[in-house]
Amino acid sequence: MLITPAYAQAAAGGSDASSMLVQFAPLALIFVVFYFFLIRPQQQKAKQQRSMLDSIRRGDRVVTAGGLIGTVAKVVNNEEVLIDLADNVRVRAVRSTISQVLAKTEPAKEAKTKDGDTAANDDAATTSTPAKDDDAKTPAWRRMLGLR
């Protein structure tokens, strides 16, 4: 009993669409895995880096890509910043070379007007309480143990 080639081809031709789906399913699965484990996290990290660079302002402590740690003295424009590295040492750096912001400064509060609004200096003077002063006098080991 020999099977002719024409008969063998006719039997395999009926499942052509399903065999194609089975062949492309692993490729699609690999692409989905690559997207969720490689591409998407990289896009999110780039978005965070971009927002961090856009929010840099004067007074922030930053680390450059070269490893230099300094304080932003002035934002020159969208591309450059002036960084104070030490006393009398000011460096002009490209904003994209800043790799990390160590400490952010708070935005300046509104000044007091004649209408009676509060100023930033008035808030700082009135918010100090005796409890904070007592904490400053208490040794660190007592605060760690909860002994005041």
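Observations
- Backbone N under 11 Å from the Leu85 label point (7 Å along Cα→Cβ), restricted to the range 47-65: 64
- For the range 56-103, convex hull volume per residue from C-alpha positions, Å³: 62
- Subtracting the Cα-Cα distance of Thr97 and Ile39 from 0.36 nm times their residue separation leaves 18.6 nm of extension gain.
- Once the Cα-Cα distance is subtracted from the 0.36 nm per residue extended length, the Ala140 to Phe31 segment shows a gain of 33.8 nm.
Values in this text are rule-based calculations from the coordinates and carry no lab data. Since the structure is predicted, the reported quantities are computational estimates derived from the model, not experimental observations. Cβ coordinates were reconstructed from backbone atoms using ideal geometry, including for glycine residues, and neighbour counts include every protein chain displayed.
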